[in-house]
1. For the stretch 1-21, give me each residue that is of a type in the set (A, V, I, L, M, F, W, C) and surrounded by 10 or more Cβ atoms within 10 Å (Cβ to Cβ).
2. Restricting to the stretch 51-87, count the residues that are crowded, with 16+ Cβ neighbours inside 10 Å and at pLDDT 80 or above.
3. Which ones in the stretch 38-61 are closer than 15 Å to Gly11 by Cβ, part of a helix (DSSP H, G or I) and out of contact with any Phe, Trp or Tyr (no Cβ under 9 Å at 6 or more places or on another chain)?
4. Ser65 passes all but one of (1) of a type in the set (S, T, N, Q); (2) in contact (Cβ under 8 Å) with a residue 40 or more places away in the chain; (3) not in a helix (DSSP H, G or I); which number fails?
5. Every residue in the stretch 22-50 that is within 17 Å of Lys78 (Cβ to Cβ) and surrounded by fewer than 18 Cβ atoms within 10 Å (Cβ to Cβ), please.
Amino acid sequence: MFTLLGWIFFGMVVGLLARALMPGKDPGGFLVTMGLGIAGSFVGGMVARMLGYYGPNQRAGWWMSVGGAMLLLWLYRKFANQNSSIS
């Protein structure tokens, strides 16, 4: 239970940091921010493992997590804006 709450809190902080570092209007709300933060941490960790920065059982650091969240936020903005211009 505490692990799940820890991931949610970590995702919220990482998502908020990613939003603060990327200027522009965001099409999502608080839950989207939290989800992007959690997913960004996962993506950042996977990329870091592929590059050899972390071992298989190590967690992603703050910077890789924020970088992954910023990548996902950029992709989310790109696709959310395309979908809103279609309709």
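The values are calculated or read from the model by the stated rules, or taken from the named source; none is laboratory data. No experiment lies behind these values; they were computed from the predicted model shown. Glycine gets a Cβ as well: all are built from the backbone with ideal geometry, and neighbour counts include every protein chain shown.
1. Here is the first cut: in the stretch 1-21, the ones of a type in the set (A, V, I, L, M, F, W, C) are 1-2, 4-5, 7-10, 12-14, 16-18, 20-21.
Scanning the stretch 1-21 gives Trp7, Ile8, Phe9, Phe10, Met12, Val13, Val14, Leu16, Leu17, Ala18, Leu21.
2. Residues in the stretch 51-87 being crowded, with 16+ Cβ neighbours inside 10 Å and at pLDDT 80 or above: 12 in total.
3. At the first step, the residues of the stretch 38-61 found to be closer than 15 Å to Gly11 by Cβ are 38-45, 59-61.
Filter once more, so that each one left must be part of a helix (DSSP H, G or I): 38-45.
Scanning the stretch 38-61 gives Ala39, Gly40, Phe42, Val43.
4. (3)
5. Met22, Pro23, Gly24, Lys25, Asp26, Pro27, Gly28, Val32
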